[in-house]
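A.B. asks: This is the structure I want to talk about, given as structure tokens.
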Amino acid sequence: MVTTVKLAAVRRLVVASQGFAARFRRAEEADVETAIRRLTAVQLDSISTVDRAHKLTLSARVGAFSDDVVPQLLRDGHVFEYWAHEASLLPIELWPHFRSTMAGGGHWGAHDRALRDHAALVDPILGRIREEGPLGSRDFEGNGSGGMWNWKPAKMVLDALWDRGDLVIAGRRNFQRSYDLAERVIPRIWREAPTPSEEETLRHWALLAVGARGALTEGAIREHWRLRGGRARLQPQLDALVAEGRLDEAQADDGGLQFYVLPGTEIDGDPAPPVLVCPFDNLVWDRPLLERLFGFKHLIEVYKREHERQYGYYVLPLLAGDRFLGRADVKADRADGVLRIRRFTPEPKTRGDVDAKLEKAASRLARTLGLERVEL
């Protein structure tokens, strides 16, 4: 049976499921690990105009935490980094579910070419890491511009060995990856666990995604994990989960989207406090769903030329209650201790005191980043 629900109630459930913190707080290593597990995947990105994407995403839920926390979780084998929704931090118990992907062809043709064209480097690279411990690409000799598609051979081989699971990311130095042997970092219980079947993995991932996000469409579940193969690959597994009573179906009362929720879920939720949301946050991953639920068209314009940008360079959507109120072009000026809101563009037909909500969200973000004040 498909339950009919109000679209607004689904929206409130989705917002409440994110667990945005209502006030400033400080987090310990265990809090961060728990948040990664609850979110199932946290996207990484190198841009640091405000802060790294994973720190913005996690601190919006658990509060301020040291830059050393995530590298320590990686070194201790409590989380790992791999391709999920882009490069992501993942709870360690998901390692067996990615083993089939690691054993298949590389995610990028460049990885396969690197192992083919530079096969003579594989054993020396693994040998040095085995003898010396975690190393970065800068620890290896070689020529290359450093540009994304012209890395030196050692860097290309390191990434290819990570892609196939021989190496793992054991921390970062200035956001540059530090590689170590998987056998030294990944706990034996997960290294030696049986490899789940494709059906088991797809069903497990569907349940995790729906649990983390509250309610998702079939397409949004695929987007959560960036699953290839389209609807034909995932839909049979969702049908099986519904038949087994492990997922419920719900349809918006306007006759539109069909959602999946966990059994027993109350389709409603508490409003979110004012929060500036990372542009790579889990909440905004699926743009068609976001536009349908919130009437909000999410844009990431950092890769556009300045004159092509509509809202700014590094733009954080302002969420309050169950609505996006606008977009803030933000920069953290650490030298001056200032969080600068360079531009704010309110959404059409926004009601209430948006300025007060922006100021509250910006002040908390500034405090989380260790900045002294906000300039609006």
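The values are calculated or read from the model by the stated rules, or taken from the named source; none is laboratory data. This structure is a prediction, so every number in the text was calculated from the model and none was measured. Every residue, glycine as well, gets a Cβ built from its backbone with ideal geometry; the counts of neighbours run over all protein chains shown. These accessible areas exclude ligands, DNA and RNA; they are computed on the full protein's heavy atoms, side chains included. Shrake-Rupley method; radii C 1.70, N 1.55, O 1.52, S 1.80 Å.
A.B. asks: Rounded if a/c is under 1.5, else prolate if a/b is larger than b/c, else oblate: which is the range 14-68, with a ≥ b ≥ c the root eigenvalues of its Cα gyration tensor?
C.D. replies: Since a/c stays below 1.5, the shape of the range 14-68 is classed as rounded.
A.B. asks: If contacts are Cα pairs under 8 angstrom and at least 6 residues apart, what is the relative contact order of the range 1-149 in percent?
C.D. replies: Dividing the mean separation by the residue count of the range 1-149 yields 20 percent.
A.B. asks: Say we join alpha carbon atoms closer than 10 Å with springs in a Gaussian network model of the chain; which of Gly256, Gly295, Gly321 then has the biggest fluctuation?
C.D. replies: For the chain, modelled as a Gaussian network with Cα springs under 10 Å, the answer is Gly256.
A.B. asks: If you take the square roots of the eigenvalues of the alpha-carbon gyration tensor of the chain and sort them as a ≥ b ≥ c, do you get rounded (a/c under 1.5), prolate (a/b over b/c) or oblate?
C.D. replies: Because a/c hits 1.5 or more and a/b fails to exceed b/c, the chain counts as oblate.
A.B. asks: Which GluC sites (Glu not before Pro) in the range 206-312 sit in a loop by DSSP (not H, G, I, E or B) and have at most 10 other Cβ atoms within 10 Å of their own Cβ?
C.D. replies: Sites meeting the loop and neighbour criteria: Glu244, Glu266.
A.B. asks: Could you check which residue among Asp123, Asp333, Asp268 shows the biggest mean-square fluctuation in a GNM of the chain with a 10 Å Cα cutoff?
C.D. replies: Top of the fluctuation ranking is Asp123.
A.B. asks: What are the GluC sites (Glu not before Pro) within the range 318-376 that DSSP puts in a loop, where the Cβ has at most 11 other Cβ atoms within 10 Å?
C.D. replies: Hits after loop and neighbour filter: Glu372.
A.B. asks: Quick check on my link table: of Lys297/Lys357; Lys6/Lys304; Lys55/Lys360, which ones sit more than 31 Å apart, alpha carbon to alpha carbon?
C.D. replies: Going by Cα-Cα distance, Lys6/Lys304 fall outside the 31 Å limit.
A.B. asks: If you don't mind, there's one more thing I want to ask. Given only helices, namely DSSP H runs of n ≥ 4 each adding -39500 (n - 2.57), what is the per-residue ellipticity at 222 nm of the chain, to the nearest 500 deg cm²/dmol?
C.D. replies: That calculation yields -11500 deg cm²/dmol at 222 nm.
A.B. asks: Any idea how far the Cα center of the range 171-186 sits from the one of the range 73-141, in Å?
C.D. replies: Rounded to whole Å, the Cα centres lie 9 Å apart.
A.B. asks: Here is a follow-up. Using Cα-Cα distances under 8 Å and only pairs 6 or more residues apart, what relative contact order does the chain have, in percent?
C.D. replies: This gives 20 percent for the chain.
A.B. asks: Report the relative contact order of the range 168-327, percent, no decimals, based on alpha-carbon pairs under 8 angstrom and at least 6 residues apart.
C.D. replies: 16 percent
A.B. asks: Compare Tyr260, Tyr303, Tyr311 by solvent-accessible area with a 1.4 Å probe and give them largest first, with all protein chains kept in place.
C.D. replies: Tyr303, Tyr311, Tyr260
A.B. asks: Follow-up question, since we're still on this one. Going Cα to Cα from Lys155, which lysines come in below 23 Å? Please leave out same-chain ones fewer than 8 positions away.
C.D. replies: The reachable lysines, counting only those whose Cα sits under 23 Å from Lys155, number zero.
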